[in-house]
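Reading through the structure tokens given below for one structure.
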Amino acid sequence: MEASDEVFRERVETAIDSATWVVAGNYRVVRDVIWQKAEAIIWLDYPFHIVFWRLFTRTIRRSLFQEELWNGNREKFWWHLKLWSEESLFHWLFKTYWRRKREYPMLFSLPENAHLKIIHLKHPKETEQWLNNMSLRGDCFALSGSQ
């Protein structure tokens, strides 16, 4: 059962109420809570064909091998073929991909987000290079991730 927005916000506030934390994902309903406390955001802004291919292959793999996602849930590929359905991850991708490319730069430029270090990575190779540089330098700091 899905938690209400109020319960979800309380859970997130509790989770980030520590000296160091990392958040994977960027849910609009808690964005203000997370971004206010975050030091940095890593924006994986990959080309559509890469995102689509990764979603497609991951969904196929999870369906074929009946990988458990959480609480015994298993993905069914045919759920996602219904592109008109809110349950389809492909529907979600088509609905959100271009909106986020427009929305994030605008959000990053707002005065209340001026404290954030934005790490904008546009290709998996760029991400790999950034991670390698981080480990070579021994850098380590709390990051708030975004999709």
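The values are calculated or read from the model by the stated rules, or taken from the named source; none is laboratory data. The structure displayed is predicted, hence computed values, not measured ones. Because the Cβ atoms are built from the backbone with ideal geometry, glycine has one as well, and the counts that use them run over all protein chains shown.
Evaluate the stretch 58-74: report whether one residue or more is modelled with pLDDT of 90 or more, among the β-branched types (Val, Ile, Thr) and either surrounded by 11 or more Cβ atoms within 10 Å (Cβ to Cβ) or out of contact with any Phe, Trp or Tyr (no Cβ under 9 Å at 6 or more places or on another chain) (or both). Looking through the stretch 58-74, none of the residues is modelled with pLDDT of 90 or more, among the β-branched types (Val, Ile, Thr) and either surrounded by 11 or more Cβ atoms within 10 Å (Cβ to Cβ) or out of contact with any Phe, Trp or Tyr (no Cβ under 9 Å at 6 or more places or on another chain) (or both). I'd like the residue in the stretch 1-24 that is charged (D, E, K, R) and out of contact with any helix residue (DSSP H, G or I) (no Cβ under 7 Å at 6 or more places or on another chain) and, out of all such residues, is farthest from Lys37 (Cα to Cα). So, considering only residues that are charged (D, E, K, R) and out of contact with any helix residue (DSSP H, G or I) (no Cβ under 7 Å at 6 or more places or on another chain), the one farthest from Lys37 (Cα to Cα) is Glu2.
Can you find even one residue in the stretch 92-110 that is in a loop (DSSP other than H, G, I, E, B), at pLDDT 90 or above and either more than 24 Å from Glu2 (Cα to Cα) or touching a His at 6+ places or on another chain (Cβ under 8 Å) (or both)? Looking for residues that are in a loop (DSSP other than H, G, I, E, B), at pLDDT 90 or above and either more than 24 Å from Glu2 (Cα to Cα) or touching a His at 6+ places or on another chain (Cβ under 8 Å) (or both), one finds at least one in the stretch 92-110, hence yes. Of all the criteria given as (1) more than 28 Å from Lys122 (Cβ to Cβ); (2) modelled with pLDDT of 80 or more, the one not satisfied by Ile50 is (1).
Residues in the stretch 18-30 that are surrounded by 16 or more Cβ atoms within 10 Å (Cβ to Cβ) and touching a residue at least 60 places away in the same chain (Cβ under 8 Å): Val23, Asn26. State yes or no: is Phe52 within 22 Å of Trp98 (Cβ to Cβ), of a type outside the set (Val, Ile, Thr) and out of contact with any strand residue (DSSP E or B) (no Cβ under 6 Å at 6 or more places or on another chain)? It is true that Phe52 is within 22 Å of Trp98 (Cβ to Cβ), of a type outside the set (Val, Ile, Thr) and out of contact with any strand residue (DSSP E or B) (no Cβ under 6 Å at 6 or more places or on another chain). Does the stretch 125-145 include one or more residues that are modelled with pLDDT under 70, closer than 30 Å to Glu2 by Cβ and not in a loop (DSSP other than H, G, I, E, B)? Checking the stretch 125-145: at least one residue is modelled with pLDDT under 70, closer than 30 Å to Glu2 by Cβ and not in a loop (DSSP other than H, G, I, E, B). From the list Trp35, Trp53, the lone residue that is crowded, with 16+ Cβ neighbours inside 10 Å and not aliphatic (A, V, I, L, M) is Trp35. Taken together, the residues in the stretch 36-52 that are assigned to a strand (DSSP E or B) and not aliphatic (A, V, I, L, M) amount to 1.
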